[in-house]
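Presented below is the structure to which this report refers.
The values are calculated or read from the model by the stated rules, or taken from the named source; none is laboratory data. This structure is a prediction, so every number in the text was calculated from the model and none was measured. Here the Cβ is made from the backbone with ideal geometry for all residues, glycine too, and neighbour counts use every protein chain on show. Please note that ligands, DNA and RNA were not included when accessible areas were found on the heavy atoms of the full protein model with its side chains. Shrake-Rupley method; radii C 1.70, N 1.55, O 1.52, S 1.80 Å.
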Amino acid sequence: MRIRPAVRGDVPSLVGLETALFGPDAWSEATVLSELVGPGRHAVVAVEEEDIVGYAVTMRAADLVDLQRIGVRPDLQRNGVARALLDAVLAEAGSHGANRVLLEVSALNAAALSFYAAADFVEIDRRRRYYRDGSDAVVMRRSLGRAACGGRG
């Protein structure tokens, strides 16, 4: 598996993954494209052989990066793909001067909450009844930089 920047030609594959992963909350083709090329956006894909098996999209504003989306093909989840994607976007964020990353995840998504906690994200807020299914959004933050990670990064 390799991680590379997403390109316009990836849009059909990303729309397919969106639909498989997020159902009625999936991004449209137009939204996927705008997330790839919009100002401050950074998108990467995980490729296995020639197939896109995962992706991550961020939006940067000054020293803050918002993790907009991260998704992995269902049959490859819990195999390190999401972690590789997250590591790639965190490295890119830090290299461009960001000092923190924010994200939102459903309070019902225990696997994602555990994944982000293991990656040093901490809960900082909740948005009540944020998602279409009525679940809360857990807002999480990770600080970047040498001081934030015990001098390791």
In deg cm²/dmol, rounded to 500, what helix-only [θ] at 222 nm does the chain give when every DSSP H run of at least 4 residues adds -39500 (n - 2.57) and the total is split over its residues? -9000 deg cm²/dmol
If you count only protein heavy atoms with a 1.4 Å probe, what accessible area per residue comes out for region 37-153, rounded to a whole Å²? 53 Å²
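Stretch residue 107-residue 41 to full length: gain in nm at 0.36 nm per residue minus the Cα-Cα span? List each step's numbers first, then the result.
Working: separation 66, 0.36 × 66 = 23.76 nm, distance 2.55 nm.
Result for the pair: 21.2 nm of gain on full extension.
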Positive-end extreme of charge dipole, the chain - chosen from 53, 119, 76 (charges on Cβ): 119
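With a length cut of 15 Å (Cα positions projected on each helix's long axis) and a Kyte-Doolittle mean of at least -1.0, go through the chain and give me the DSSP H helices that pass.
Working: long enough: 11-22 (16 Å, 1.45); 81-95 (21 Å, 1.07).
Flagged H segments are 11-22, 81-95.
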Which length gain, in nm to one decimal place, applies between residue 50 and residue 87 when the Cα-Cα distance is subtracted from 0.36 nm times their residue separation? 11.2 nm
Over region 16-153, what is the percentage of antiparallel beta bridges among all DSSP beta bridges, to the nearest 5? 90 percent
1/(1 + (r/R0)^6) with r = Cβ-Cβ of residue 1 and residue 141, R0 = 25 Å, i.e. FRET efficiency to nearest 0.05, evaluates to 0.35
Cα extents of region 84-124 along the principal axes, largest first, in whole Å, come to 32, 22, 13
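Work out the FRET efficiency for residue 131 and residue 95 from their Cβ-Cβ distance, taking R0 = 30 Å, and round it to the nearest 0.05.
Details: r = 32 Å, r/R0 = 1.06.
FRET efficiency, residue 131 to residue 95: 0.40.
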Could you calculate the FRET efficiency of residue 75 with residue 124 from 1/(1 + (r/R0)^6), where r is the beta carbon distance between them and R0 is 41 Å, rounded to 0.05? 0.80
Rg in Å to one decimal, and Dmax rounded to a whole Å, for region 1-123 via C-alpha atoms: 13.6, 36
